[in-house]
Structure formats: structure tokens, C-alpha cells
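I have placed the structure first, in the form of C-alpha cells, so that the comments after it can refer back to it.
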Amino acid sequence: MNKKLEKELKEKLKQQKISLEAELEKFAKKDKKLGGDWDTKFPKPHEASGGQAIEDAADQVEKYVNLLPVEHDMELRLQAIEKALDKIKKGKYGKCDNCGKLIPEERLRVYPEAVSCGKCK
Ligand SMILES: [Zn+2]
């Protein structure tokens, strides 16, 4: 693999990792036990009482439910980025995990976290 491109993509991956982690930290906390796993923070029960409290709680649950797929998606991307960075470290970056062929450069430029060639998934 072209060293210059590899360096360029490595920087890109690092930047993406930093911004994804910053985004995730807004509504999730990193699971210390499971590396790379994130938990969406469940909103704390509200102080209000009676009907207002029930309404607030319903609002918060709705927010939480809406965030879950977003969080999951970001978590998967982050894992893919970490995997790609690990491949760079091991000198295996740019090769398909499945068939071992080189991943096309155009694909890596669009998806630097790609670990498969695109033909095999
Ligand atoms: Zn392949």
C-alpha cells in the first residue's frame, strides 16, 4: 500500500474517531468493562410530581428510544475505525479481511475504515 496514502487515511481515521467519541460522549458513556462499547445514558427521573412528572418521563423515554439506534450506529462506525487503525499498526491496512486482495484506493478514500474489498461482504 502507498505509504503516503496510508498516512493520509490514518490521519482521517484518527480525526473521525475523535469527533465520533466527542459526539457519543454527549449522550452515552463508555462502558469500562467492554472496550469499545457505549451505553446510552438513561435520563434521570424528573423532580416534578403528578401528571407533569409522568409526561416528562414519557418525553425522556421517547428521547432515549430515539437515541438508541443512533448510538448503535456510531458505535459500529467507531469499532470499524478502531479496527482499521489496528490494521495500520499491524501493517495489514488496505487488504481485504476476507479474500486478502488489495482494497481499491477509491474505496478507501471514501471509506477509510473499510476492511473488505467491496466484492466480498
Ligand atoms: Zn475481498
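Any read-out appearing in this document is the output of simple, stated calculations on the displayed coordinates, not a laboratory observation. The structure presented is a predicted model; accordingly, all values stated were derived computationally and were not measured. Glycine also receives a Cβ, built like all others from the backbone with ideal geometry; neighbour counts cover every protein chain displayed.
Highest mobility in the GNM of the chain, judged by mean-square fluctuation with C-alpha springs under 10 Å and restricted to Gly50, Gly91, Gly100, is found for Gly50. Working note: Karplus 6.51/-1.76/1.60 with θ = phi - 60° gives region 14-21 the couplings 5, 4, 5, 4, 4, 6, 5, 5 Hz, where Gly and Pro are set to x.
Close amide H partners of Ala28, meaning residues 5 or more places away or on another chain with modelled amide H under 5 Å apart, are Lys41. Applied to region 103-117, the Karplus parametrisation 6.51 cos²θ - 1.76 cosθ + 1.60 on θ = phi - 60° returns per-residue 3J(HN,Hα) values of 7, x, 4, 4, 5, 5, 5, 7, 10, x, 8, 4, 10, 10, 6 Hz, with x for Gly and Pro. One way to sum up the overall shape of the chain is the equivalent ellipsoid from its Cα gyration tensor, whose semi-axes run 39, 13, 11 Å, largest first. For every other residue with a beta carbon closer than 9 angstrom to the beta carbon of Ile81, add +1 if it is Lys or Arg and -1 if Asp or Glu, then tell me the sum. Around Ile81, the surrounding residues sum to +2. A simple rule links phi to the HN-Hα coupling: the Karplus curve 6.51 cos²θ - 1.76 cosθ + 1.60 with θ = phi - 60°, which for region 59-65 gives 4, 5, 5, 4, 4, 4, 4 Hz, with x for Gly and Pro.
By the helix-only formula, in which each DSSP H run with n ≥ 4 contributes -39500 (n - 2.57) and the sum is divided by residues, the chain has a 222 nm mean residue ellipticity of -20500 deg cm²/dmol. For Trp38, the residues whose modelled amide H falls within less than 5 Å of its own, excluding neighbours fewer than 5 places apart on the same chain, are Asp31.
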